[in-house]
1. Would you work out what percent of the accessible area of the range 134-177, with all protein chains in place, is carbon or sulfur (probe 1.4 Å)?
2. I'd like the Karplus ³J(HN,Hα) series for the range 118-128: coefficients 6.51, -1.76, 1.60, θ = phi - 60°, whole numbers in Hz, and an x wherever there's a Gly or Pro.
3. For every other residue with a beta carbon closer than 10 angstrom to the beta carbon of L149, add +1 if it is Lys or Arg and -1 if Asp or Glu, then tell me the sum.
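The values are calculated or read from the model by the stated rules, or taken from the named source; none is laboratory data. Worth saying up front: this structure is predicted, and the values here are computed from it rather than measured. All Cβ positions, even for glycine, are placed from backbone atoms using ideal geometry, and neighbour counts span all protein chains on display. The accessibility values were calculated without ligands, DNA or RNA, using every heavy atom of the protein model including side chains. Shrake-Rupley method; radii C 1.70, N 1.55, O 1.52, S 1.80 Å.
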Amino acid sequence: NNHREISKSMQKTHVEILGAATTFWAESLKRVAAFSGVSERDSSKQEEVVTEAWQADVNSIPDELRDLSTRQPCGGSAARPDGPHRLANDGETRQDHPHQYHFDAFAVDRGGAGSLGSHWWVRLRRQASDPEVKMWARDCCSEAFGHRLWLLLGNSTNLAEARECGMLDVKDDAQVSTVCTGFGEYLFVEARTTGGWGYQDDDTAVLMLPEIRVLSRD
């Protein structure tokens, strides 16, 4: 716990310093531009360059100092006994069975529904803005969810109240990442019965999730 607090403190200090530096140089560029007669448009372009440089520096921070999700509370659709929810954010990046959350379609009463998707969620250590999401896919069976997964951010465990923020196209044994554009305290990974391709079953999307890591960018 002490190590975690130290890491969070180091990250916070680093980001605060970067933020202050970004503000300083952005304001300096505006003043230089005004003094030199440079247009506001050109000045804005210079500010964008500074912002991009700051963001690149943030992303160079090790995962351990930006990690918002590992071993955090999690849940979602019904899990198989050999594939509980916690395996998707336990810090273990093995991609073979049984090292993954595995949706249990047989444990769900469809109630006459024609199709059945599945999802997983994690409560982040704090609310995040535009986090980076890394995923380690299982070494087989991506056709079980149609090779595509949707990412959503929300402020509760209710999937219906979350907003879509990204998408991952998945191949077997892949390691993929994207920026989830949005704001929230809960990240969802959803498998849908439409929108992907090569589904194993037309009416069922079975989520298998070896590891998800949500990383701060703010």
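1. C and S atoms contribute 40 percent here.
2. Calculated HN-Hα couplings, in order: 8, 8, 9, 9, 9, 8, 6, 4, 7, 5, 10 Hz.
3. Once all neighbours under 10 Å are counted, the net charge is 0.
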